[in-house]
Amino acid sequence: MITGKTSVLALLGNPVAHSLSPEMHAGWIADHGLDAAYVALPISHDAPESTIAALKRVGLKGVNITVPFKEAAAHAADRRDPLVEKLAAANVLAWREDGVHAFNTDARGFVASLEEAYPDWRTTSRTALVLGAGGAARGIAFGLAEAGVQSLLFANRTRSKAEHLEQALAADCATQVFDWSDLPAAFAAADLIVNATSLGMKGQPAPDWPIQVAKPHAIICDAVYAPLETELLRAARGRGLAALDGLGMLIHQGALAFEIWFGIKPDAAAARRRLMAILESR
Ligand code: NAP
């Protein structure tokens, strides 16, 4: 029931129609009997910062921000969490009495999903390889650095973007950039491998990843969650390696956002059950 007191939350991005966030948050809102509604709003590509700044004057409870507006959201906020300052990107805004606060839950959401699936990952994963250098790769790399990995390796089709990301993290841990043509050497050097490119997504090509050279204890992660079982994860499981899909990152970044807005830790396992049913029916 929508009432005059219903709190409004939204996902801002473009496109947003494919997103699972509305179903995920609607599930948690219902679990806790909250008077709130979460909708997806495609916003125009021109002047996103002024659109977000204008929304600050509307009485929302909070928003998630997705591609390509995370940088604009970080700029538009009145206050920024230290991680937002570091990443220069925000995926959560919360309306508070002293203004709109910006947060980034992508980085810790990825680490939380890793911890949930492999609680001992830190003992074996000293060197992590991040494939890609876009928004997801940036969040994951900062999350891993914050979680204490000793060394971060990067490989991206456009090498200069990987170098840019490496420079941003060089103060936090040892770093190295590999050429995209040198993926076998990068795979062989890592204890944890994360695909944060769009390769393997529905409708995108899936390359022949050099999984055969990965270490026997390597954990293979994919940020892609549509499909849930990517070619990368299939190849990893085929070799008997640990494999982690991208749904956990989506759920945990969302759970951290929900906690920021409502002060309630929602049920991640219930969200996974509900979202898997939706993905299977698509
Ligand atoms: P993005 O900023 O557009 O970055 C895309 C990345 O993919 C870039 O590094 C790009 O390399 C690379 N790429 C694209 N096409 C390629 C190709 N044909 N060959 C090699 N590399 C290619 O996108 P994003 O937001 O980081 O998202 C990346 C992936 O992560 C998407 O699949 C998205 O669905 C997923 N994701 C998942 C979550 C989650 O919660 N699980 C959250 C965010 C994103 P160049 O720099 O060379 O273009």
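Which ones in segment 29-72 are of a type in the set (K, R) and more than 16 Å from the ligand (Cβ to nearest atom)? If you could, list the steps in order and put the result at the bottom.
We begin by selecting, within segment 29-72, every residue of a type in the set (K, R); these are 56-57, 61, 70.
K56, R57, K61 - these are the residues of segment 29-72 that are of a type in the set (K, R) and more than 16 Å from the ligand (Cβ to nearest atom).
Taking strands (runs of 3 or more DSSP E) that do not extend beyond segment 73-177, which have at least 1 residues that are at positive phi?
In segment 73-177, the matching strands (runs of 3 or more DSSP E) lie at 99-103.
Can you run down the residue pairs with Cβ atoms below 7 Å, 6 or more apart or on separate chains, where the first is in segment 243-260 and of a type in the set (S, T, N, Q) and the partner is within 8 Å of the ligand (Cβ to nearest atom) and outside any loop (DSSP other than H, G, I, E, B)?
Pairs that qualify, where the first residue is of a type in the set (S, T, N, Q) and the partner is within 8 Å of the ligand (Cβ to nearest atom) and outside any loop (DSSP other than H, G, I, E, B), are Q253/D106; Q253/G109.
Here are the criteria: (1) surrounded by fewer than 19 Cβ atoms within 10 Å (Cβ to Cβ); (2) within 15 Å of the ligand (Cβ to nearest atom); (3) at pLDDT 95 or above. Tell me which single one D78 does not satisfy.
(2)
Mind checking which pairs have a first residue in segment 1-23 that is part of a loop (DSSP other than H, G, I, E, B) and a second that is surrounded by 10 or more Cβ atoms within 10 Å (Cβ to Cβ) and among the acidic types (D, E), Cβ under 6 Å, 6 or more apart or different chains?
K5/D35; T6/D35
In segment 143-163, is there at least one residue being closer than 30 Å to A255 by Cα, of a type in the set (S, T, Y) and either surrounded by fewer than 23 Cβ atoms within 10 Å (Cβ to Cβ) or near the ligand (Cβ under 9 Å from one of its atoms) (or both)?
yes
Can you tell me which residue in segment 168-178 is nearest to A89 (Cα to Cα), limited to those that are touching a helix residue (DSSP H, G or I) at 6+ places or on another chain (Cβ under 6 Å) and not polar (S, T, N, Q)? Please lay out each step first, then the result.
Kept after step one, since they are touching a helix residue (DSSP H, G or I) at 6+ places or on another chain (Cβ under 6 Å), are these residues of segment 168-178: 169, 172-173, 175, 177-178.
Still in the running and not polar (S, T, N, Q): 169, 172-173, 177-178.
Details: L169: 15, D172: 18, C173: 21, V177: 22, F178: 25 Å.
Among those residues, the one meeting the criterion is L169.
With the condition kept exactly as written, say whether any residue in segment 220-234 is among the small types (G, A, S) and more than 18 Å from the chain's Cα centre (by Cα).
Among the residues of segment 220-234, not one is among the small types (G, A, S) and more than 18 Å from the chain's Cα centre (by Cα), which makes the answer no.
Give segment 138-178 a look and list any residue that's small (G, A, S) and under 22 Å from N104 (Cβ atoms), or say none.
First, pick out the residues of segment 138-178 that are small (G, A, S): 139, 141, 143, 145, 147-148, 151, 155, 160, 162, 168, 170-171, 174.
Residues satisfying the conditions are G139, A141, G143, A145, A147, G148, A162, A168, A170, A171.
Name, by its number, the condition in (1) under 20 Å from the mean Cα position of the chain (by Cα); (2) of a type outside the set (A, V, I, L, M, F, W, C); (3) over 15 Å from L87 (Cβ atoms) that does not hold for E163.
Here E163 meets the rest and fails (1).
Out of all the residues in segment 210-227, which are in a loop (DSSP other than H, G, I, E, B), touching a helix residue (DSSP H, G or I) at 6+ places or on another chain (Cβ under 6 Å) and either within 11 Å of the ligand (Cβ to nearest atom) or without any contact (Cβ under 8 Å) to a residue 24 or more places away in the chain (or both)?
If the condition is that a residue be in a loop (DSSP other than H, G, I, E, B), touching a helix residue (DSSP H, G or I) at 6+ places or on another chain (Cβ under 6 Å) and either within 11 Å of the ligand (Cβ to nearest atom) or without any contact (Cβ under 8 Å) to a residue 24 or more places away in the chain (or both), then A223, Y225 are the ones that fit.
What number goes with the only condition from (1) at pLDDT 95 or above; (2) more than 10 Å from the ligand (Cβ to nearest atom); (3) more than 17 Å from the chain's Cα centre (by Cα); (4) not hydroxyl-bearing (S, T, Y) that W180 does not pass?
Every condition holds for W180 apart from (2).
Would you mind stating whether G135 is modelled with pLDDT under 95 and under 18 Å from the mean Cα position of the chain (by Cα)?
Numbers: modelled with pLDDT under 95: yes; under 18 Å from the mean Cα position of the chain (by Cα): yes.
For G135, the condition - modelled with pLDDT under 95 and under 18 Å from the mean Cα position of the chain (by Cα) - is met.
The values are calculated or read from the model by the stated rules, or taken from the named source; none is laboratory data. Source: prediction; values computed, not measured. Virtual Cβ from ideal backbone geometry, glycine too; neighbours counted across all protein chains shown.
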